[in-house]
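Encoded as structure tokens, the structure appears first; notes follow it.
The values are calculated or read from the model by the stated rules, or taken from the named source; none is laboratory data. For clarity, every value in this text was computed on a predicted model and none was experimentally measured. Because the Cβ atoms are built from the backbone with ideal geometry, glycine has one as well, and the counts that use them run over all protein chains shown. To get the accessible areas, we keep the full protein, side chains included, count just its heavy atoms, and leave off ligands, DNA and RNA. Shrake-Rupley method; radii C 1.70, N 1.55, O 1.52, S 1.80 Å.
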Amino acid sequence: SLPPWPRSRLRASLRSPRNRLALPLAPPQNKPDDFDVWRLPDDDSVQKVTVQKDTMVPNAVTLVIEREDHTVGNLLRMELLEDKEVLFSGYRVPHPLEPAIQLKVQTKSEDPGPVKAVDTAIERSVATLDKIGEAFAKAKARH
């Protein structure tokens, strides 16, 4: 074990701006390329949305939405919960290194059904975002 004074000198020398550049940075281990996290492949090998009917729960589906994260998942979940026909809406990110979300939706009946409920939620979200964009443009024009 080193006495206290060499350890403190070593810590001070590592904090020096001159030595920071000399320290090697660890390469990312298994992090996907940033470009692959948000862009679908050109060869159509990955579908943007996949619908999986739930066999255990009536009127329920799980939508796997590729290349999306908590932003879209939470937006859709909250918009779906505003719908009176929706009994359950939730999402999860299966793994932090997988760029996809799983959105689960259950409705009271098959008509309109969970897929139609998601479609309506997307339309309402787009309308809300359009209103926000218009309000921002007006505010920007005033300044």
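Protein heavy-atom accessible surface, 1.4 Å probe, per residue over the range 49-141: 62 Å². As a length-normalised measure over Cα pairs under 8 Å and 6 or more apart, the relative contact order of the range 49-141 settles at 28 percent. Listed values for the range 43-57 are Karplus-derived 3J(HN,Hα) couplings in whole Hz (6.51 cos²θ - 1.76 cosθ + 1.60, θ = phi - 60°), namely 8, 6, 7, 10, 7, 5, 10, 10, 9, 10, 6, 7, 7, 8, 10, and x replaces Gly and Pro.
Taking all protein chains in place and a 1.4 Å probe, what share, in percent, of the accessible surface of the range 35-143 do carbon and sulfur account for? Carbon-and-sulfur percentage of accessible area, whole number: 57.
Descending by average beta-carbon neighbour count within 10 Å, the peptides 61-71, 39-49 line up as 61-71, 39-49, the highest first.
Running Debye on the range 49-141 with equal point scatterers at the Cα sites and no solvent, what base-10 log of I(q)/I(0) appears at q = 0.16, 0.17, 0.21, 0.26 Å⁻¹? Normalising to I(0) and taking log10 leaves -0.66, -0.73, -0.98, -1.30. Backbone phi angles across the range 87-92, fed through the Karplus curve with coefficients 6.51, -1.76 and 1.60 (θ = phi - 60°), yield HN-Hα couplings of 8, 9, 8, x, 9, 8 Hz in residue order; Gly and Pro are listed as x. Summary value for the range 77-119: 36 percent relative contact order, contacts being C-alpha pairs under 8 angstrom separated by 6+ residues.
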